[in-house]
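Read the figures in this text as sums done on the coordinates, not as results from a lab. Just so we're clear, the structure is a prediction, and the values are computed from it rather than from any experiment. Reconstructed Cβ throughout: ideal geometry from the backbone, glycine too, with neighbour counts over all protein chains shown.
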Amino acid sequence: MPIIDLGGWPDKRDLTAIHRLWALMAFPEDTKKQNQFITGGVSLLKNALYENSTKQQLSKPFSEEDKTNLEFIKLIHGLQVQEAKKKLELEYELRDGEKTLLHSPSYEEIMACFEKAFREGSIAGEMLFLLGQMNDENLTGGPSINKVIHIFEKLGTKEPRKDNNPANRRFWKEIVWPQYKSVAHLWATYFLWMENKCPDEYSLDSDKGLIGFLNVAEKFRKFITSFLPHGCKEPLISDDETWHPPQNLPPSFFPEIELPKLTELQLKTLKEYQAPQ
């Protein structure tokens, strides 16, 4: 049973938690690419952390007369920056940063690889998202990957086609889904996050947002690991195939979000579906 490792988060604050999550979502079966992506991100953070002057950033909310408060805030801010730098330096050393980057592609190449993975992972998330919507509709014969692909073939995916990726049944069913099904619940949650335009307070850069995100993802994970396709005795994905949330993940106060209903066009398209022979 794989468990998501976010560097000890949420038991302790970790500046690399979101980098670790993105790395896992993009490269669920490639720990080398995960490490390259995280190390590159840590290097950028480490070198660029708070280059602007503290005074320029913090003086605006305070009047000239309120020197005591301003100096106190500057002191606290400075200590926070120093602590953040220490944590990033330690993370960089633990990952053998110099050696990792020396033997890695350029950061531009890593990001190009990540962007390709992002598009493919997004499609896997949309597939799970549609399965959940179909399940809510109580369709005759129930939801299925083939019905999802039928919608894709007729209506396309939300993620635009790029890099000459084939937009066809084989690509979606035999390449995208097998490669990302272990993290499809995370991508489906991201799809939901974007569809609902979640407020800034639930940004994934914040603890509050990350806690909410992972709690919603767990609901998607439990759905897909208990969902039995029509005529099948085993779930579409076994529990052991999926990435479980970090240990000690606190409950979220994120408001309940219902999946949007399938559109009339999607329902009409599903009525035209014929099971493959």
Inset, instruction - Apply the Karplus parameterisation 6.51 cos²θ - 1.76 cosθ + 1.60, with θ equal to phi minus 60°, to every residue of the range 18-28 and state each ³J(HN,Hα) to the nearest whole Hz, in sequence, with x for glycine and proline. - result: 5, 5, 5, 5, 4, 4, 5, 4, 7, 10, x
Inset, instruction - Name the long-range amide H neighbours of His244: under 5 Å, sequence gap of 5 or more, or other chain; modelled H, no Pro or chain starts. - result: Ile3, Ile4
Legend entry - Restricting the range 209-277 to chymotrypsin sites (Phe, Trp or Tyr not before Pro) in coil, as DSSP defines it, with at most 11 other Cβ within 10 Å: Phe253
Legend entry - Filter on Lys147/Lys233; Lys12/Lys116; Lys33/Lys271; Lys32/Lys233; Lys208/Lys233; Lys33/Lys268 - keep pairs with C-alpha separation over 30 Å: Lys12/Lys116; Lys33/Lys271; Lys32/Lys233; Lys208/Lys233; Lys33/Lys268
Inset, instruction - Please give the contour-minus-distance gain from Leu265 to Phe118: 0.36 nm per residue of separation, less the Cα-Cα distance, rounded to one decimal in nm. - result: 50.2 nm
Inset, instruction - Under 13 Å from the Cβ of Glu137, count the other residues' Cβ atoms, weight Lys and Arg +1, Asp and Glu -1, and hand me the total. - result: +1
Inset, instruction - Kindly provide the GluC sites (Glu not before Pro) of the range 180-266 that DSSP labels as loop, not H, G, I, E or B, and whose Cβ sees at most 15 other Cβ atoms within 10 Å. - result: Glu256, Glu258
Legend entry - Difference of contour (0.36 nm per residue) and Cα-Cα distance, Glu201 to Arg170: 7.2 nm
Legend entry - Distant alpha-carbon pairs in the range 118-230 (separation over 23 angstrom), percent: 29 percent
